[in-house]
Every structure is written in structure tokens, then in C-alpha cells.
1. Restricting attention to the stretch 118-137, does a residue exist that is in the same structural domain as LEU40 (by the TED database), at pLDDT below 85, in a helix (DSSP H, G or I) and not aliphatic (A, V, I, L, M)?
2. Identify, please: which residue in the stretch 92-131 is touching a Ser or Thr at 6+ places or on another chain (Cβ under 8 Å) and touching a residue at least 60 places away in the same chain (Cβ under 8 Å) and is, among those, surrounded by the fewest Cβ atoms within 10 Å (Cβ to Cβ)?
3. If I filter the stretch 235-277 down to residues being assigned to a loop (DSSP other than H, G, I, E, B) and at pLDDT 90 or above, which single residue comes out as nearest to the chain's Cα centre (by Cα)?
4. For residues that are under 18 Å from ILE176 (Cα atoms) and free of Cβ contacts under 8 Å to residues at least 12 places away in the same chain, tally how many sit in the stretch 255-267.
5. Would you mind stating whether SER173 is under 23 Å from the mean Cα position of the chain (by Cα), assigned to a helix (DSSP H, G or I) and not assigned by the TED database to the domain that holds VAL239?
6. When you go through (1) crowded, with 17+ Cβ neighbours inside 10 Å; (2) in contact with a Phe, Trp or Tyr (Cβ under 7 Å, 6 or more places away or on another chain); (3) at pLDDT below 90 one by one for SER199, which number turns out not to apply?
7. Kindly indicate whether ARG180 is in a helix (DSSP H, G or I) and crowded, with 18+ Cβ neighbours inside 10 Å.
Amino acid sequence: MFFLYKECPGIDMDSIFTSTIRRFIYLVLVAFAACVLWRLFCHQEGYWLVWAVLLCSLVTQGDSFRQRLINIIITGLAAAFVVFGAGCIRDLPLLPGLYILIVTAVCVYISQQHAEYFLQAFIVNLFAVLASAMPASFADNAARLFFISAGMAVALVFQIIFYPYFIRDELRSYVIITLRSLERLNREIFSCFLDAEYSDNIYLYERRIHNAKNRYMQSINRLRDITGLVESRSSQGAVIIYQNILQTLDLLYDNMLDYSQLRRRVSDFTTLSLCSRELSEISQEIEKSIAGVAAHFANKKYYPGMDMLSRGIGRLESNYYNVLQVASREPLPFLFFMDSLQAFGKTMEVLFSIKWPSTEHYS
């Protein structure tokens with residue numbers, strides 16, 4: 001997710017800050033619970049419980065609640081048995097080094113083949129290295145197995161408690177990320193209309209548009225996954241709102257692809273210079289409207305409406321009837337372009353009318 005934040009410099013930082021505060025509270029409570037249990041057990045190997053709780057609490061992979069819990073369980077049990085195995089062969093010659101080599105090789109292979117499980121593989125490998133560096137008796141080795149398993153259980157409990165809040169925060173963040181990816185796509189589309197060198201560097205501009213499309217598809221696909229997770233814990237009204245947001249974002253993307261076809265329908269790109277002022281204004285107003293919707297979903301002050309965009313389209317329409325209709329070889333594509341822009345404006349109005357579900361919509 002951090003990569004997408006970097007690619008979206010206008011992303012709402014208040015929602016990210018709220019999410020960060022909740023995760024900080026979660027980690028503080030996890031650390032406090034681990035320290036309390038460590039003091040209660042009062043065992044010389046009790047520090048393994050603290051390590052297990054803190055590390056397992058960082059595991060957040062899984063496209064469903066069940067998968068996330070399974071990931072934590074597998075990570076905790078794998079770490080526990082790897083530590084137990086390292087303790088069992090501590091006195092055998094050469095085997096401890098060979099054991100660490102095998103465990104490290106397996107963990108590296110898993111992280112290379114499945115990058116999303118890098119953290120889990122790192123935790124297992126780290127525990128194996130620590131266990132090999134700290135030899136213990138069989139009784140202490142069994143205690144390590146118990147404490148790591150207990151730490152995994154504590155992490156599971158706190159994941160269950162905080163899971164709904166993490167998913168809701170992630171949902172709002174990805175809605176804003178998706179909007180920012182649309183804003184970037186719009187910027188790349190209008191650069192084809194406004195930059196005079198587009199006709200000489202078509203591949204470069206088309207590649208930028210392609211990359212912007214890919215970023216949108218990545219964010220909207222992740223948003224669909226998260227929406228499916230939240231729906232199981234939300235009221236029917238909230239589910240309808242989430243589905244409307246997804247459908248409207250898809251429609252917005254279709255509108256943008258539609259008006260982007262002007263670059264393919266116009267053979268003489270010098271014609272676009274006759275309306276460059278209007279196109280620049282429309283591009284800026286589209287970016288403002290998208291930023292306004294992002295602020296709207298973040299419960300902030302936002303761009304009041306689509307009036308300025310409508311005025312920009314009106315000025316382009318006036319230019320069309322006074323200049324472009326006569327000067328352009330192909331006047332019809334501009335009519336299609338303006339029609340697509342008007343459809344885009346209506347879709348944006350739908351997004352502005354959608355209100356983010358309040359807390360009472362969640363079960």
C-alpha cells in the first residue's frame with residue numbers, strides 16, 4: 001500500500017493518520033499484554049512469548065478474515081517447531097549449521113516465489129537463528145515451544161478484536177487511492193491534447209497512459225477485495241453504498257477512456273491548439289472535482305460542485321461552433337468528446353451525492 005501512497009501525492013493524510021493511530025493503539029495494547037503475561041509466567045524463557053506476540057501481530061496478509069487467522073497460526077506454529085527443532089539438535093556436530101542453512105533456503109525460496117509472505121518467512125527464519133544462537137536444555141526447549149504458541153494465541157485475539165477497524169480504514173484509503181489514480185490518468189490523457197510533441201512521441205505518451213490504467217486496475221481490484229470483506233460485517237445499507245461507489249468508479253473510468261479517444265479520432269493535431277485554453281481549463285476542473293470527491297469521502301471540506309466544469313465544457317462548445325467546426329478537418333470527434341465530458345460530469349455528480357456510511361452501519 002505504501003507504494004500506492006507515494007504514487008498519489010494528493011492522498012488524504014487525515015484518514016491515513018487516523019488509521020496509523022489505531023494501529024499504534026493496537027501495537028501498544030499487544031505489547032502491554034505480552035509484558036503482563038511475561039511477568040505472570042515468570043519463566044526464564046518467557047521472553048519468547050514477547051517476541052512471538054509482537055512479530056505475529058504484524059502479520060496482516062489474507063483476503064479474508066479466515067485466511068488472515070490461518071496465516072498467523074501457520075507462522076506461529078512454524079516458528080515454534082523450528083525453534084524446537086533447533087534446540088533438539090544443538091549437541092550434534094555440523095547439524096545445527098546445516099539446519100539453519102536449510103531453514104534459511106526454504107524461507108528465501110518462499111519469499112521469492114510469494115513476495116506477500118516475506119514477513120512470515122522472515123519471522124520463521126529469525127526465530128531459527130535466535131534458537132541456534134541460544135542453546136537450552138530439553139525442558140527449556142519445550143518451554144520455548146509453549147511460549148511461542150501462547151504468543152501466537154495472544155496475537156490472534158487482538159487481530160480478532162481490531163480486524164473490522166483495520167479493514168474499514170483500508171477501504172476508505174483505497175477509495176481515495178483509486179480516485180487519485182483516475183486523477184493521474186486524466187492528467188496523462190490531457191497531456192496528449194495539450195503537448196505539441198505528442199504526435200512525435202506517441203509511444204512515450206501512450207505508455208504513460210497505459211501505466212496510469214494499470215495503477216487504476218490494481219487499486220480498483222484491491223478495493224473490490226476489501227469491499228467483499230467489509231460487506232460481511234456491515235448493514236445492508238452500507239453494502240449498497242459500497243456497491244454504488246464501485247460501480248460509479250468503474251463508470252467514471254469508462255467515461256475517461258471514452259473522451260480519451262479524441263487523440264485517435266483527430267488526424268491533424270494542430271487543430272487541438274485552437275482550443276488548448278479550453279482543454280487546459282477542463283483538465284484542471286476535472287482534477288479539482290476528483291480531489292473534491294476524495295475530500296468528500298474523507299469528511300473534509302470539498303469542491304462544491306460541477307459548475308466550473310460545466311462552464312468549461314460550455315466554452316469549448318462555443319469554440320466548436322465558432323472556430324473548430326470550420327477549421328477542423330474532422331469536427332465530429334469534438335462532438336463525441338464534449339458528450340463524453342458531459343457524461344463524466346454527471347457521473348461525478350453521482351459520486352458527490354453518495355455519503356460514506358457512518359459507524360451505525362457496521363455490525
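1. First, pick out the residues of the stretch 118-137 that are in the same structural domain as LEU40 (by the TED database): 118-137.
Next, only the ones that are at pLDDT below 85 stay: 132-137.
Now narrow it down to the ones that are in a helix (DSSP H, G or I): 132-133.
The next check asks that each one be not aliphatic (A, V, I, L, M); those that pass are 132.
Yes, the stretch 118-137 contains at least one residue that is in the same structural domain as LEU40 (by the TED database), at pLDDT below 85, in a helix (DSSP H, G or I) and not aliphatic (A, V, I, L, M).
2. Only one residue fits best here, namely ILE123.
3. To start, the set of residues in the stretch 235-277 that are assigned to a loop (DSSP other than H, G, I, E, B) comprises 235, 260-261, 266-268.
This time we only want the ones that are at pLDDT 90 or above, so: 260-261.
Numbers: SER260: 26, GLN261: 29 Å.
Here the residue is SER260.
4. Result for the stretch 255-267: 0.
5. So SER173 does not fit the description; no.
6. Among (1) crowded, with 17+ Cβ neighbours inside 10 Å; (2) in contact with a Phe, Trp or Tyr (Cβ under 7 Å, 6 or more places away or on another chain); (3) at pLDDT below 90, SER199 violates only (1).
7. Answer is yes for this residue.
Condition check ((1) among the aromatic types (Phe, Trp, Tyr); (2) open to solvent by less than 20 Å² (accessible area, probe 1.4 Å); (3) closer than 20 Å to PHE344 by Cα) across all residues:
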| position | (1), (2), (3) |
| --- | --- |
| VAL157 | no, no, no |
| ILE160 | no, no, no |
| TYR174 | yes, yes, no |
| ARG184 | no, no, yes |
| GLU188 | no, no, yes |
| PHE193 | yes, yes, yes |
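The values are calculated or read from the model by the stated rules, or taken from the named source; none is laboratory data. Please read all numbers here as calculations on a predicted model, not as lab measurements. Positions of Cβ are generated from backbone atoms using ideal geometry, with glycine treated the same way; all protein chains shown enter the neighbour counts. Surface accessibility is based on the protein's heavy atoms, side chains included, excluding ligands, DNA and RNA. Shrake-Rupley method; radii C 1.70, N 1.55, O 1.52, S 1.80 Å.
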